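The structure appears right after this line, and notes come after that.
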Amino acid sequence: MIINLNSEIKAVCFDLDGTLVEECYPNAQIDRRYLAGNFILNLLSNMIQANGYERAEELLLEYLDINIYWDYSDIIKHFKLDEKLALLWLRLWHKKNLIVMQRNVDLAYELHQAGYGIYVISNNPHLGCLLKMERAGLAGETGKGIVEGVFGSNFGLGQKMQRSFWTRVLDDIPCAPHRLAMVGDNPLEDAEVPMSVGVGQCFLVKADGCLTEVGQPV
Ligand SMILES: [Mg+2]
């Protein structure tokens, strides 16, 4: 196994972007040239416009302002988009633009097989998490159902950089925080903040793709 877990650890949480999947080229999804900086919102805005709405961008931005913890699926419903078609476009985008970080996906399967609980914790909204998990082979037709819980931005009501996000998520994992390990690529969001709320061990993806354990704060 490519990580050494303490004997207390019972479950391992994985980040998505930069951990289980990465973009084929930088800023494929999050870039200022897209609506609200997000390619997927841009794509949905185009679909909203094609659905006969005038001022689609403006309406979508208004919707996001009011519904802070939105998910892509909420937008699809609210603007009465063809769900199958929207998902088809979203899946195609994920297939074309994301690369699977196979070492870490294999680690998730290996840990599951060894009896550890597997969770996904991400700044993506829930549907965004599922699409990336499907791309990684951890959900959908290609996944084998090893993930016990998925906690995105609209579940944790925020982002991983916030302690409040982590406390909400940890409340819903049936395992004490010190028995959880986190694997991610962001030193603040995937190590410093989760360790500050009691997560037992954190591992970071380094530039060479290897995982290294982060020391506990003194
Ligand atoms: Mg990440």
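Compared with the alpha-carbon gap, the fully stretched path from GLU110 to LYS80 is longer by 6.7 nm at 0.36 nm per residue. Rg over Rh for the chain works out to 0.98, both radii taken from alpha-carbon positions and Rh defined as the Kirkwood radius.
Between GLU62 and LYS96, the C-beta separation translates, for a Förster distance of 35 Å, into a calculated FRET efficiency of about 0.70. Highest mean packing comes first when the peptides 46-59, 154-167 are listed by Cβ atoms within 10 Å, giving 154-167, 46-59. Each residue of the stretch 117-182 gets 80 Å³ once the volume of the Cα convex hull is shared out per residue. Where does the charge balance sit around VAL197 when Lys and Arg score +1, Asp and Glu -1, over other residues with C-beta under 14 Å from its C-beta? Net of charged neighbours comes to -1. Only Lys, Arg, Asp and Glu carry charge here, each on its Cβ (+1 for the first two, -1 for the last two); on that basis the chain has a dipole of about 280 debye about its Cα centre. Net charge dipole, the stretch 1-92: roughly 220 debye, given to the nearest 20, about the Cα centre with Cβ charges of +1 for Lys and Arg and -1 for Asp and Glu. The protection proxy used here, the mean number of other Cβ atoms lying within 10 Å of each residue, ranks peptides 126-135, 69-78, 108-117 as follows, highest first: 126-135, 69-78, 108-117. Compactness of the stretch 35-96 is given as radius of gyration and Dmax, 10.9, 32 Å, from Cα positions. With helices as the sole contributors, the chain gives -11000 deg cm²/dmol at 222 nm; each DSSP H run of n ≥ 4 counts as -39500 (n - 2.57), and the sum is divided by every residue. Scanning residues 5 or more positions from ASN124 or on other chains, those with amide H under 5 Å from its amide H are SER153, with H placed 1.01 Å from N in the peptide plane. From the cross-link list LYS84/LYS132; LYS10/LYS206; LYS84/LYS206, which pairs have alpha carbons spaced over 28 Å apart? Listed pairs above 28 Å: LYS84/LYS206.
Take every DSSP beta bridge whose two residues both sit in the chain; close to 30 percent of them are antiparallel.
Between ASP31 and GLU148, the distance separating the two model label sites (each 7 Å from Cα on the Cα→Cβ line) works out to 3.9 nm.
Any read-out appearing in this document is the output of simple, stated calculations on the displayed coordinates, not a laboratory observation. Values in this document were obtained by computation on a predicted structure and should not be read as measured data. Quick reminder, even Gly has a Cβ in these numbers, built from the backbone with ideal geometry, and neighbours come from all protein chains shown.
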